[in-house]
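Asker: Have a look at this one before I ask anything.
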Amino acid sequence: MAKNNLNDVLRNLGREETPPDIHRMAEEMAGRLRQDLAQTKQQEHPLWRESIMRNRIVQLAAVVAILAGAGVVSYHLGGSPGGAGVAWGEVLTQVQNAPTVTYKAHLTMNDPQGRQVVDESDVYVDQNQRCRIDSHKDGRYMIKYLVPARKTFVVVQPQLKRYMQGTLSDIESAEMLEQQDPRQWCQQVLAEDYSKLGRSELDGVEVEGIETKQENQTIRLWVDVKTKWPVRIEADGKVGRYRQSHMVLDHFQWDAQIDPSLFEPDIPADYTLSGPR
């Protein structure tokens, strides 16, 4: 296991020629992170626990970015001093700095009756945390919009000429975005203990992978060895009432040029508003 232990990283900083201000900033962030982890164990409400864990991931990513700037993160987060392996700290920093991303998602689920359900989507996420999902599921086409700034979501069903809309709390909005944003998936994987999967080849590209196991799912992250960009994220586990699911995110376009109008719900005048949430 490649232990992502922030305490170990900071402890080993004394062996590096790290500027005092960099070390101080990292220590301050680590202190806040440790407090959050202690609070997590005391929280009874699952939504609050999830909120704190998201904060942990963000703080860890911030520390990683600082250490990467000091040039000391590659080894401690699984990179090789000789350059033989992927420096995962560099991957995380690169992904964080991508303001937009588009990708394809393929989700296969088995429902309680044993029927297989397939959902294929084109997903767009921008720097304002807006998200659009063009989904094909069971022969139906849907467009889903998430607009966190207005705390709203909209689902448009062209075949039925109807749409649904609702409001979201801050926590619900963050959870929905977390499920769709591959930048947060990468942060989540690298914030946990992970095992190395070694090198492989995907669609003619040499990749290196890591895997982390959580309570209900296993997540694998594959990165292009040359560009250090993630090329595939896989997740196996349970989704809601479904017994088993397999999800693949790929065909990433990091820092893609996306027309802002793509994120504005487009609802024709003859569409009917279906039951509000």
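Asker: Using only the Cα atoms of the range 101-273, each taken as one equal point scatterer with no solvent, compute I(q) by the Debye sum, divide by I(0), and report log10 of the ratio at q = 0.12, 0.19 Å⁻¹.
Answerer: For the range 101-273, the Cα-only Debye profile gives -0.62, -1.41.
Asker: Still on this structure, I have one more. Could you give the length gained on full extension between Ala149 and Met164, defined as 0.36 nm per residue of separation minus the Cα-Cα distance, in nm? Could you put the intermediate results ahead of the total?
Answerer: Working: separation 15, 0.36 × 15 = 5.40 nm, distance 1.82 nm.
Length gained, Ala149 through Met164: 3.6 nm.
Asker: Note down the nm distance, to one decimal, between modelled labels 7 Å out along Cα→Cβ at Ala269 and at Lys238.
Answerer: If labels sit at Ala269 and Lys238, their model points lie 5.0 nm apart.
Asker: Spin-label point model (7 Å from Cα, Cβ direction): what's the Lys104 to Lys137 distance in nm?
Answerer: Output for this residue pair reads 1.9 nm.
Asker: Something else about it: Using 0.36 nm per residue of separation minus the Cα-Cα distance, give me the extension gain between Gln127 and Gln253 in nm, one decimal. Let's see the in-between values first.
Answerer: Working: separation 126, 0.36 × 126 = 45.36 nm, distance 1.38 nm.
Answer, rounded to one decimal: 44.0 nm.
Asker: For Ser261 and Gln217, calculate 0.36 nm times their separation in residues minus their Cα-Cα distance, and state this gained length in nm to one decimal. The partial results should precede the final answer.
Answerer: On the way: separation 44, 0.36 × 44 = 15.84 nm, distance 3.49 nm.
The Ser261-Gln217 span can extend by a further 12.3 nm.
Asker: Okay, moving on. Residue by residue, what Karplus-based ³J(HN,Hα) values in Hz, rounded to whole numbers, does the range 145-153 have, using 6.51, -1.76 and 1.60 with θ = phi - 60° and x for Gly and Pro?
Answerer: For the range 145-153, the Karplus curve yields 10, 10, 10, x, 4, 9, 6, 10, 9 Hz.
Asker: What ranking, highest mean first, results for peptides 197-207, 154-164 when packing means the other Cβ atoms within 10 Å averaged over each residue? Present the calculation step by step, with values, prior to reporting the outcome.
Answerer: Working: 197-207: 11.8, 154-164: 15.5.
Ranked from most to least packed, the peptides come out as 154-164, 197-207.
Taken together, the values in this text are just the output of simple stated rules run on the coordinates, not laboratory data. Just so you know, these numbers come straight off a predicted model, no measurement behind them. Neighbour counts are summed over all protein chains in view; Cβ atoms, including those assigned to glycine, are modelled from backbone coordinates with ideal geometry.
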